[in-house]
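Notes follow once the structure below has been shown.
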């Protein structure tokens with residue numbers, strides 16, 4: 001029998017304003033965008049992925065077109081029996097285009113989204129939840145943390161709200177100046193109960209001198225980790241000195257691309273937390289071996305994620321497949337492109353979330369309620 005082939009790829013772009021902007025050290029989001037991707041094979045089986053596009057979200061439509069016009073044609077008509085080999089083939093084909101265009105991120109995210117959709121499709125056809133199709137054995141709940149918490153006086157209120165919603169770990173945005181950073185952290189740290197954890201994310205805000213000055217100031221907070229105190233491309237010598245003065249493990253990964261970069265980071269011993277983003281680079285095919293390598297080296301693997309519903313579910317399934325001490329990152333900010341699809345599928349209880357039942361992701365997204373938020377829909381056929 002002829003194996004099924006990839007027959008259709010769709011990209012759906014949505015964007016919506018939000019009442020409370022999401023602030024980071026590199027910029028502010030005043031709306032949320034998402035690119036949801038659906039893959040269909042010649043048997044009619046379907047799977048879903050998502051393109052990373054949260055900043056600048058003006059690039060959402062562009063990345064959807066990269067997927068439709070360049071990435072999808074590399075896969076349409078190809079068999080789907082080996083998603084990892086197909087992703088590797090696409091990744092090799094895109095190498096020259098990343099260099100030629102100077103847009104490694106856009107091509108990587110578009111390719112990742114298709115890989116996610118294909119893995120979901122394959123798991124559904126096998127009648128398995130995605131975490132089990134990826135090799136997981138334990139269906140127990142997964143630990144979570146509330147992320148993306150804005151700086152300033154409202155930080156403590158957000159922690160109170162998310163704590164009431166079931167979270168027991170929280171990550172604050174820093175990198176807004178010493179007064180703002182310490183002023184945000186002190187009331188939150190003082191409010192922590194037994195077993196609760198606090199982390200921070202500088203989002204690459206500091207140069208070397210500022211990082212060396214600021215990191216010791218964070219010692220009073222007993223942090224679980226400090227994320228991206230330098231830009232991801234700084235030389236190893238700087239990271240080595242920053243790690244030496246850091247009062248908590250360093251976390252990196254969302255802005256690394258390629259197995260080589262991740263292996264270098266893992267082998268350096270400088271980073272206790274490794275954070276690939278399945279919708280930003282690699283999909284399941286690229287990120288699964290990174291996760292296993294991190295755990296084998298004694299590091300903590302935590303998937304990075306701050307987008308819509310589908311990418312969040314993929315992150316959950318990958319974390320469930322590899323387990324370890326990592327936690328699922330869940331955006332504490334309102335996002336109709338997350339809640340509008342998930343509904344009550346993911347309920348947090350005492351710091352954990354149960355895995356969704358069913359096949360694949362455990363969600364068949366209903367995009368109809370979001371129709372008035374859609375800005376672009378593209379289809380490509382084999």
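The values are calculated or read from the model by the stated rules, or taken from the named source; none is laboratory data. As the structure is a prediction and not an experimental result, all values here were calculated from the model. Note: ideal-geometry Cβ built from the backbone for every residue, glycine included; neighbour counts use all protein chains shown.
Give region 99-115 a look and list any residue that's closer than 13 Å to residue 70 by Cβ and under 21 Å from the mean Cα position of the chain (by Cα), or say none.
103, 106, 107, 108, 109, 110, 111, 113, 114
So, in region 216-229, of the ones that are surrounded by fewer than 22 Cβ atoms within 10 Å (Cβ to Cβ) and touching a helix residue (DSSP H, G or I) at 6+ places or on another chain (Cβ under 7 Å), which residue ends up nearest to residue 148 (Cα to Cα)?
Ranking the candidates gives 221 first.
Restrict the check to region 54-76 and report whether at least one residue is within 16 Å of residue 116 (Cα to Cα), at pLDDT below 95 and within 20 Å of the chain's Cα centre (by Cα).
No, every residue in region 54-76 fails to be within 16 Å of residue 116 (Cα to Cα), at pLDDT below 95 and within 20 Å of the chain's Cα centre (by Cα).
Residue under question is residue 172, and the condition is that it be touching a strand residue (DSSP E or B) at 6+ places or on another chain (Cβ under 9 Å), within 19 Å of residue 25 (Cβ to Cβ) and not in a loop (DSSP other than H, G, I, E, B); does it hold?
yes
Do we have any residue at all in region 22-29 that's outside any strand (DSSP E or B) and either crowded, with 18+ Cβ neighbours inside 10 Å or free of Cβ contacts under 8 Å to residues at least 24 places away in the same chain (or both)?
Keep residues of region 22-29 that are outside any strand (DSSP E or B), which gives 25-26.
Pick out the ones that are also either crowded, with 18+ Cβ neighbours inside 10 Å or free of Cβ contacts under 8 Å to residues at least 24 places away in the same chain (or both) and you get 25.
Yes: one or more hits.
What is the number of the single condition among (1) modelled with pLDDT of 95 or more; (2) within 26 Å of residue 68 (Cα to Cα); (3) part of a helix (DSSP H, G or I) that residue 319 does not meet?
Checking residue 319 against (1) modelled with pLDDT of 95 or more; (2) within 26 Å of residue 68 (Cα to Cα); (3) part of a helix (DSSP H, G or I), the one that fails is (2).
In the list 239, 206, which residue meets the criterion of being in the same structural domain as residue 344 (by TED's automatic domain parsing) and closer than 27 Å to residue 289 by Cβ?
When all the criteria are applied, what remains is 239.
Yes or no: residue 162 under 20 Å from the mean Cα position of the chain (by Cα) and either farther than 30 Å from residue 67 by Cβ or in a loop (DSSP other than H, G, I, E, B) (or both)?
Taking the combined requirement at face value, the residue satisfies it.
Here's the yes/no breakdown for (1) in the same structural domain as residue 112 (by TED's automatic domain parsing); (2) crowded, with 20+ Cβ neighbours inside 10 Å; (3) touching a strand residue (DSSP E or B) at 6+ places or on another chain (Cβ under 9 Å):
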{"position": "269", "(1), (2), (3)": "no, no, no"}
{"position": "292", "(1), (2), (3)": "no, no, yes"}
{"position": "307", "(1), (2), (3)": "no, yes, yes"}
{"position": "316", "(1), (2), (3)": "no, yes, yes"}
{"position": "323", "(1), (2), (3)": "no, no, yes"}
{"position": "328", "(1), (2), (3)": "no, yes, yes"}
{"position": "335", "(1), (2), (3)": "no, yes, yes"}
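Quick one: would you say residue 137 is assigned by TED's automatic domain parsing to the domain that holds residue 61, surrounded by fewer than 24 Cβ atoms within 10 Å (Cβ to Cβ) and closer than 21 Å to residue 284 by Cα?
On the way: assigned by TED's automatic domain parsing to the domain that holds residue 61: no; surrounded by fewer than 24 Cβ atoms within 10 Å (Cβ to Cβ): yes; closer than 21 Å to residue 284 by Cα: yes.
Answer is no for this residue.
Looking for something surrounded by fewer than 18 Cβ atoms within 10 Å (Cβ to Cβ), in a helix (DSSP H, G or I) and touching a residue at least 12 places away in the same chain (Cβ under 8 Å) - is there at least one such residue anywhere in region 346-362?
no
Residue by residue, here is whether (1) under 27 Å from residue 53 (Cα atoms); (2) touching a residue at least 40 places away in the same chain (Cβ under 8 Å) holds:
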{"residue": "228", "(1), (2)": "yes, no"}
{"residue": "233", "(1), (2)": "yes, no"}
{"residue": "238", "(1), (2)": "no, no"}
{"residue": "242", "(1), (2)": "no, no"}
{"residue": "245", "(1), (2)": "no, no"}
{"residue": "255", "(1), (2)": "yes, yes"}
{"residue": "265", "(1), (2)": "yes, no"}
{"residue": "269", "(1), (2)": "no, no"}
{"residue": "273", "(1), (2)": "yes, yes"}
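With respect to the numbered conditions (1) free of Cβ contacts under 8 Å to residues at least 12 places away in the same chain; (2) under 22 Å from residue 87 (Cα atoms), which one is the sole condition not fulfilled by residue 298?
(2)
Yes or no: residue 47 buried (at least 18 other Cβ atoms within 10 Å of the Cβ), at pLDDT below 95 and touching a helix residue (DSSP H, G or I) at 6+ places or on another chain (Cβ under 8 Å)? Write out each step before concluding.
Values: buried (at least 18 other Cβ atoms within 10 Å of the Cβ): yes; at pLDDT below 95: no; touching a helix residue (DSSP H, G or I) at 6+ places or on another chain (Cβ under 8 Å): yes.
When the stated conditions are applied, residue 47 does not pass them.
In the set 195, 183, which member is surrounded by fewer than 22 Cβ atoms within 10 Å (Cβ to Cβ) and not in a helix (DSSP H, G or I)?
Testing whether each residue is surrounded by fewer than 22 Cβ atoms within 10 Å (Cβ to Cβ) and not in a helix (DSSP H, G or I) leaves just 195.
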